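The values are calculated or read from the model by the stated rules, or taken from the named source; none is laboratory data. Note that the coordinates shown come from a computational prediction; the quantities given were computed from them, not determined experimentally. Methodologically, a virtual Cβ is constructed for each residue, glycine included, from the backbone with ideal geometry; neighbour enumeration extends over all protein chains shown.
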Amino acid sequence: MALPVPPACLSPLRSQLSSFDRAYRIALNLRRATGVPHYVVRGLAPFQAYRVTTRPPPWPDRWLAMVA
């Protein structure tokens, strides 16, 4: 099993790229482009804090925003 990478070794840009605000903006852009509702959900992996998907999450506690 791989050990997690300490935060000090990661790029400072990672926190900006993997923020909730960034995921929400991506969901807004995808909604405008496709016309399909998108969801921002909490990710399971530590390196993927937030995900954007077209399917509602099966666990309501992971659902953070819906862009309709």
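For the subset of the stretch 32-56 comprising residues that are part of a strand (DSSP E or B) and not hydroxyl-bearing (S, T, Y), which member is surrounded by the fewest Cβ atoms within 10 Å (Cβ to Cβ)?
If we take residues in the stretch 32-56 being part of a strand (DSSP E or B) and not hydroxyl-bearing (S, T, Y), then R42 is surrounded by the fewest Cβ atoms within 10 Å (Cβ to Cβ).
Looking only at the stretch 57-66, decide whether some residue is surrounded by 14 or more Cβ atoms within 10 Å (Cβ to Cβ) and in contact (Cβ under 8 Å) with a residue 40 or more places away in the chain.
Within the stretch 57-66 (the criterion being surrounded by 14 or more Cβ atoms within 10 Å (Cβ to Cβ) and in contact (Cβ under 8 Å) with a residue 40 or more places away in the chain), the answer is yes, since at least one residue qualifies.
Kindly indicate whether any position in the stretch 25-45 is over 13 Å from A68 (Cβ atoms), of a type outside the set (D, E) and at pLDDT below 75.
Yes, the stretch 25-45 has at least one match.
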